[in-house]
C-alpha cells in the first residue's frame, strides 16, 4: 500500500458508503428529530401572527392568552426534540468514530508487515488520531447545525408562504439570489481554502526540516538562510489566507443586505395593502421574523465550508488505508508442522520478491536450504536484500515467485534491527516471548542475552519500568532485552537481523557463545554487518543486489568469493589470504 | 530519551486553563501597538455597525405603527431610513472584517517569524529537551488559535458587548415592563450555562486522559508493529485497544452530550422569551399601554440580545484557548538564546587546529556528569578516534567542541585560546561535520551538497561528489544532480544519504573535521571505497572520528577509549594492543582470529 500525505483527490463518499449501512438509520432518525425541532422553531411566528391579528386587533384577551400558551407549549416540545437529537447525535458521532478507529486499527494490525508502516509510522498515526477526530467533529456538527440550517430555512419559507402567499412571491426572488451567492462562495471557497491548507503544509515542512536538522544547521551556521526560507513560507501562508478570508468577508454583509432589503420590501408591500384597507400587522411582524430566521440559517450554512474541506481530506486519508488490499493467502509457502521447541529447517526455492508498490525485485531467484540446527550467517552490502530475506523467512512478506518452506510462525523468533519495548516492566516486556514463563526461564534467557547483569543492577530489578515514563535504556541494553524476549519463545528458528549493532564487541562475542549453547539447539540465522560476527557460523550466505552469490564456510568463502573478500578487506584492512 | 518524550508530549497537547492569563493577555495586546490605527478603525466601525443594528428594529416598529395610526409619521421616509441603515451596516461590517483579517494575518505572520527567528538562536539543549511534536504544535495550532481569537473573538466580542448593551438600553427606554418579560429568562441562561460548562469541562478533561491513553497504545503498537507480528500478539493488542476505545467512546459521549446541551438550551430559552413577549405584549397593547409596532421592535431587540449572548459564550472558550496558545508561544520566545560572544572574542581564521581539553567535566543535568575530568592534547593535523560503548560520552565530547554546550568545569582550548573566546559563528564555520543522523533538506541533490558552501559552482559540487564516490549513484538518479529530494531524502538509502552528507562536509572545506559515526550506515564494501576519500579529506586537518567499527579507526594518530565519561586508555592502535587492556580485548573480539 502506498501512503500519500495530504489531499489526494480520493472521493470522500467511499467512507460514507462504507458506514452508511451501519449508522444510516440512526443518522436519519437524528435528522428527522432535527427537522421536528426546526418545525417547532418556525411555528412560533405563525402563532404570533394569529395572536396579534385575531387576539389583539379584535380585543380578545382569551385568544391572546391561549396563543401565548400554545407558543410556550411548542417551545417545550421543541426542547424535547432538541434534547433527544443531542443525545442521538453525540451517541452516533462517538460510536461511528470508535468504529472507524477500530476498523482502521484492525486493518493495520491484520495486514502484512508493510514498508510504509515501517518507514512512516507517523502518517498512520495521524490517520488514527487527528483524522478520525476531524470526521467525528464533522459528523457531530452535521447532525446539530449543518442539517438544522437548511431545514430551518426550508421550514421558514414554507410557513411564510402559508401565512401570506402574496408576500411569499418576494422570497422567490431573494432566496434563489442568496443561494446563488452561497453556491458561488462554497465553490470558490473550497479552492481558496485548499490553497491555504497547501501553504500550511508547506510551512510545516519547512519547520519540521529545521527541527530535524537543527544540529547540522547550527554546525554549518546556516540559521539566517533558514530564517529567510521560513519567512517566505509564512508570508505566502498569510497572503493566501488573507485572500481566502477577504473573499469570505464579502458573503456575510452581502447576504444580510439582500435579506434586509427583502424586509424593507415586505414592509412596503404591507403599506400598499394597508392603503387598500387590508391591514394585518401580525402578518407583517411574523413575516419579517421568518425573513430573519432564513437569514440566520443561511449564514450558518456558510460556516460549513471550512469543516467540510477538512473532514473531506481526513475522510479520504482514512479511506486510503481502509481500501488498501488486505492480506492475500499465498499458496507459495509451506509451513512445516514440526514439534515445538525443536530445531527447524528453512528452504527457499527460486524465490523472487518485490515490495508492494516497489518497482524492482529486491530478491531475485534465490534458492538455498538450511538444515535444522545449523548456524547460518548472512552478509551483504546495504540494499543487497538481507532485510527482505528476513521478512520472507519470518512469513511477514510473501514471494511473488518460487516457494518457501519454513516452520510455523509460532516456532520462529525474530530479533529486529530496530527494537521496540512497550510501556510496562522489564518482566512484562520479556513475557511477550512466552506469556507463562517462570522466573527461572526469565533469568536463563536474560543470562544468555547478556542482559541479566544490568537488569539486576536496577534498583527495581525485573520490575523496572520501561517505555513511557520509565527508565532510559541504552541502545545496547534494549537490544539485549529484545534478544532475551526472543529466546524465551524457545524457537525452532531464531533470526537475528543485525540485532547487536549497539552492543560492544566483547559482549557480542559472549552472546554468540551463549547462543551456540542454547538448550534445544535451534537453527540460527544471523544477519550481520561485521564479518567477525559470522566468521564462526557453520555456513555464511553472501547476498548482493538481491542475488545469492555464494554459500559456504568462512574459510571457503575467503578463498573463493570475491565479494566476501572485499568485505573482509574493508573491515580489517587485511588481505583475506593472510587470515 | 527523546523517543519516550516525543510520544508522551505529542497528543496530550493539554489545553487546560492558561496559567498567567492576565499577564499573557497584556503581552498579547502589546503586539497590537504598532497596529493601533487599524485597531482604532475596527473599534470605531464595529460601534457604527452596532448602532445601525440598533436603529433597524426601532424603524421597523415605527413603520408598523404608522400603518396602524396613519399620519403618525411618513412611512415612506421611515422605509428610506431603513434602507440607508441596512446599506450602511453592510458596508461597515464588510470594511471592518477586511481590516480585521489583514491585521490578524499580518500579526500571525510576524508572530510566526519571530518564533522561528528566536528558535534559530536557541541553544541545542532547548531542542534536546523538547519533543518535535510539541514544538510543531506551538508553531501551528497555538498560533492558529491566537489568529482565530484576534480575527473573530476580538471583533465579535466587542460588537456583541455593544449590541447587548445597546439593545438593553433601547428596550428599557421603550418599555421597562416588556423588557422584564423578555429578559426574565436571562438569569436562567446564566445558571444553566454555568452548570453545563462545569460538567462539560469535567468530562472533557476525563476524555482527554482517555484519549492520551489510547493514543499512547496506538503509537506503541504502530512503532512495535514488527514485534506484534513476530510474537503473535495481535489478539492481546486488539483486546487492549478495544478496552481503551470503549472507554474513550463512553467518556467522549458524556462530554459531547453536555457540550451539545448549550445550543438547544439557548434556543429553548429564547423561544420561551419570545412566547412571554407575545403574551405580555399582547396584553399591554389591549390595555392601550403599548403600540403593536413596539412588539415588533422588541422582537428585533430580544433576538439581538440573545444571539450575542450565545456568541459571547462561544468566543469565551476560543479566547481561553488563544490565551493558552499565546502563553505557550511566549514561553519559547522567553527562552534564553545562546549567550552572546564574550567581549573581545576573536574571529577564528585559518586555525592551526591544536586542541586541548583541560580538566573538562560536563553534565546535561546537574549532579549527573557525562564527562569527568577529561585531559587531552591534540596536535594540529592529528586524527583522534573516540571508542567506547553507547552512552559513554563520545557524542557529548563533540557537542562541547562545536559549542552546542559549554563545559561545566575546565576548559577547551583551540590554538591556545579558550573556545568561549572565539566568536561562535567563526568557530563553527571552522568545523566540517558529518553526523550519524544524516539530515537532508528538501531540494535538489546539488542544493544539498552546496549547503556546505553556498557559493560553490556546479563543477565544484560534482568534483567533490566524485572524490567521495557519490557521483556514481547520483548519476543513476532520475534527474542526476537535479533530482529533487523530498521528506528528508527518504527515497535514498541510508548509505547514499550519508555519502551526500560527507560530500556536503567535504565541499565546506573546513580546517577541522568531526565525523560522528559518519559511515555507520554505509555498508562495509562501499565504505572501503569511501575510505580513500575520507583519508584525503582528513589530510592536514585536525579530525575527530567516532566510529563503531574498529577497522575505521585503526589508522588514527590517537585512539581514545572512553567509558562512563572517563578516558580509560589513550594511544596509537599498536600501543594500545601492546598495552593489552580493554581496547586490545575489544579489538580481538571484533577481528577474525
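Odds and ends about this structure:
- Hits in region B:382-415 - residues which are out of contact with any helix residue (DSSP H, G or I) (no Cβ under 8 Å at 6 or more places or on another chain), more than 23 Å from residue A:221 (Cα to Cα) and more than 14 Å from chain A (Cβ to nearest Cβ): B:382, B:384, B:408, B:409, B:410
- Helices (runs of 4 or more DSSP H) enclosed by region A:366-484 - at least 3 residues per element that are within 12 Å of chain B (Cβ to nearest Cβ): A:386-394, A:426-430
- Hits in region A:62-72 - residues which are touching a helix residue (DSSP H, G or I) at 6+ places or on another chain (Cβ under 6 Å) and closer than 11 Å to residue B:282 by Cβ: A:63, A:64, A:67, A:68, A:71
- Residue within region B:73-80 that is surrounded by fewer than 20 Cβ atoms within 10 Å (Cβ to Cβ), assigned to a helix (DSSP H, G or I) and more than 10 Å from every other protein chain (Cβ to nearest Cβ) present: yes
- Flag if residue B:466 is more than 30 Å from the chain's Cα centre (by Cα), without any contact (Cβ under 8 Å) to a residue 12 or more places away in the chain and part of a helix (DSSP H, G or I): yes
- Test: residue B:204 is out of contact with any strand residue (DSSP E or B) (no Cβ under 7 Å at 6 or more places or on another chain) and either within 8 Å of chain A (Cβ to nearest Cβ) or without any contact (Cβ under 8 Å) to a residue 40 or more places away in the chain (or both): no
- Residue in region A:532-562 that is nearest to the other protein chains (Cβ to nearest Cβ), counting only those that are part of a helix (DSSP H, G or I) and under 43 Å from the mean Cα position of the chain (by Cα): A:532
- Note on region B:346-385: residues that are assigned to a strand (DSSP E or B) and under 36 Å from the mean Cα position of the chain (by Cα) total 8.
- Scanning region B:281-303 for residues that are surrounded by 21 or more Cβ atoms within 10 Å (Cβ to Cβ), under 13 Å from residue A:55 (Cβ atoms) and within 8 Å of chain A (Cβ to nearest Cβ) gives B:282, B:285, B:292, B:295.
- Any hit, region A:207-223, residues being surrounded by fewer than 20 Cβ atoms within 10 Å (Cβ to Cβ), assigned by TED's automatic domain parsing to the domain that holds residue A:270 and in contact (Cβ under 8 Å) with a residue 12 or more places away in the chain: no
- Search result, residues across region A:230-281 that are on the phi < 0 side of the Ramachandran plot, more than 9 Å from chain B (Cβ to nearest Cβ) and not in a helix (DSSP H, G or I): A:276, A:278, A:280
- Test result for residue B:175, more than 9 Å from chain A (Cβ to nearest Cβ), buried (at least 17 other Cβ atoms within 10 Å of the Cβ) and modelled with pLDDT under 80: no
- Condition check for residue A:372: in the same structural domain as residue A:499 (by TED's automatic domain parsing) and at pLDDT 85 or above: yes
- Test for residue B:107: is it more than 17 Å from residue A:252 (Cα to Cα), under 30 Å from the mean Cα position of the chain (by Cα) and not in a helix (DSSP H, G or I): no
- Residue that is nearest to the other protein chains (Cβ to nearest Cβ) [pool: residues in region B:232-268 that are crowded, with 17+ Cβ neighbours inside 10 Å and not in a helix (DSSP H, G or I)]: B:260
- Test: residue in region B:97-110 that is buried (at least 22 other Cβ atoms within 10 Å of the Cβ) and within 24 Å of residue A:261 (Cβ to Cβ): yes
- Being assigned by TED's automatic domain parsing to the domain that holds residue B:95 and in contact (Cβ under 8 Å) with a residue 40 or more places away in the chain is not true of residue B:210.
Residues checked against (1) surrounded by fewer than 18 Cβ atoms within 10 Å (Cβ to Cβ); (2) in contact with a helix residue (DSSP H, G or I) (Cβ under 8 Å, 6 or more places away or on another chain); (3) without any contact (Cβ under 8 Å) to a residue 60 or more places away in the chain:
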residue	(1), (2), (3)
A:132	no, yes, no
A:141	no, yes, no
A:150	yes, yes, no
A:156	no, yes, no
A:161	yes, yes, yes
A:167	no, yes, no
A:184	yes, no, yes
A:187	yes, no, yes
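- Those helices (runs of 4 or more DSSP H) of region A:88-197 in which at least 2 residues are over 25 Å from residue B:227 (Cα atoms) and at pLDDT 85 or above, considering only elements entirely within it, cover A:148-163.
- Filter result for residue B:121 (within 10 Å of another protein chain (Cβ to nearest Cβ) and either modelled with pLDDT of 80 or more or in contact with a strand residue (DSSP E or B) (Cβ under 8 Å, 6 or more places away or on another chain) (or both)): yes
The values are calculated or read from the model by the stated rules, or taken from the named source; none is laboratory data. A quick note: this is a predicted structure, and the numbers were derived from the prediction, not measured. As a convention, Cβ positions derive from the backbone with ideal geometry for all residues, glycine included, and neighbour counts pool all protein chains shown.
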